[in-house]
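As structure tokens, the structure follows; a few thoughts come after it.
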Amino acid sequence: MNTTNRHTLTRFIPFILLLLAVATLSLPMAIRYAAAEPAEPAAVSAESKIYLPLVVKPQTAAAVQNANFENGRTGWVEFSNDGQAVIRTDQPVTAYSGSWVAWLGGAKNNVSSITQQVTVPSTTPYLAYYQYIASADLCGYDKAYVFAGATQVTTYDLCTSNNTNGWVKRVVNLSAYAGQSIALQIRVTTDSTLNSSLFIDDVSFQTSAAAAAETTMEQDMIDDSVLIFKSGEIETAVVMEQARRNKQ
């Protein structure tokens, strides 16, 4: 190699070294980027897909709305021919639960009722409610009724011999209406003498005709010598006894 060629090669050596250095630095970086790049997902055939059913649990509505009357005068259609409220808290007996009850009767020549559109459950078609009967009348005059629409399902006397002296559970068979929507009504009628009251609380449906053997023995403000009306009127034992004799 002559002197001229040697000098020419010497001039290019720094550039060659620079290129080698850049190539050396770039190679690991290229490898790193290549490793980090995600692979293409494998195609999924229709046969390999799994479809799970969507299960929606139905919401079960209560069979009776405002069953214990603790929401006040809602859920029920109340009626009294004297214009008095039926669902109330000023009754002369302690409520079976809470403070609200339905007070039917409680006045002379009274027709009063509570009504609600309900669907009688197929598995629990027996109507149940707690009642408190307080009457000064003889049997056969003042009455309580349960209606399914226009059909009278049952009736019973409100009279001294049927006084409960506390809350007792009453059960009415509505199995003939199982699964049907009916206008459920509890009604009371009284005559012109010897007032009767029927207090209702905790209305529900149950599976059988068995009534719980429980009674709350409370006389509260109702006893054998004083009868209290919705209007606040009080009749004494003397007045009630004279009315009894007039009926006999």
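The values are calculated or read from the model by the stated rules, or taken from the named source; none is laboratory data. Note that the structure is predicted; figures quoted are calculated from it, not measured. Neighbour counts run over all protein chains shown; Cβ positions are idealised from the backbone, glycine included.
With A95, A67, A61, A35 as the choices, which residue is modelled with pLDDT under 95 and part of a loop (DSSP other than H, G, I, E, B)? First the steps, then the outcome.
Numbers: A95 fails: modelled with pLDDT under 95; A67 fails: modelled with pLDDT under 95; A35 fails: part of a loop (DSSP other than H, G, I, E, B).
Testing whether each residue is modelled with pLDDT under 95 and part of a loop (DSSP other than H, G, I, E, B) leaves just A61.
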Output the residues belonging to the range 130-166 that are under 19 Å from F229 (Cα atoms), of a type outside the set (S, T, N, Q) and assigned to a strand (DSSP E or B). Y132, I133, A134, D142, K143, A144, D157, L158, G166
So, in the range 167-200, how many residues would count as being touching a Ser or Thr at 6+ places or on another chain (Cβ under 6 Å) and either without any contact (Cβ under 8 Å) to a residue 24 or more places away in the chain or surrounded by 20 or more Cβ atoms within 10 Å (Cβ to Cβ) (or both)? 6
Which residue pairs have Cβ atoms closer than 8 Å, lie 6 or more positions apart in sequence or on different chains, and pair a first residue in the range 125-151 that is farther than 23 Å from A209 by Cβ and touching a residue at least 24 places away in the same chain (Cβ under 8 Å) with a second residue that is part of a strand (DSSP E or B) and of a type in the set (D, E)? S135/D142; A136/E235; Y141/D157; D142/D157
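So that you can scan it fast, the table gives a plain yes or no per residue for (1) among the acidic types (D, E); (2) in contact with a Ser or Thr (Cβ under 7 Å, 6 or more places away or on another chain); (3) over 18 Å from S196 (Cβ atoms):
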position: N71; (1), (2), (3): no, no, yes
position: I87; (1), (2), (3): no, no, yes
position: Q91; (1), (2), (3): no, no, no
position: T115; (1), (2), (3): no, no, yes
position: T119; (1), (2), (3): no, yes, yes
position: D137; (1), (2), (3): yes, yes, no
Restricting to the range 98-107, give me the number of residues that are buried (at least 19 other Cβ atoms within 10 Å of the Cβ) and either assigned to a strand (DSSP E or B) or out of contact with any Phe, Trp or Tyr (no Cβ under 8 Å at 6 or more places or on another chain) (or both). 5
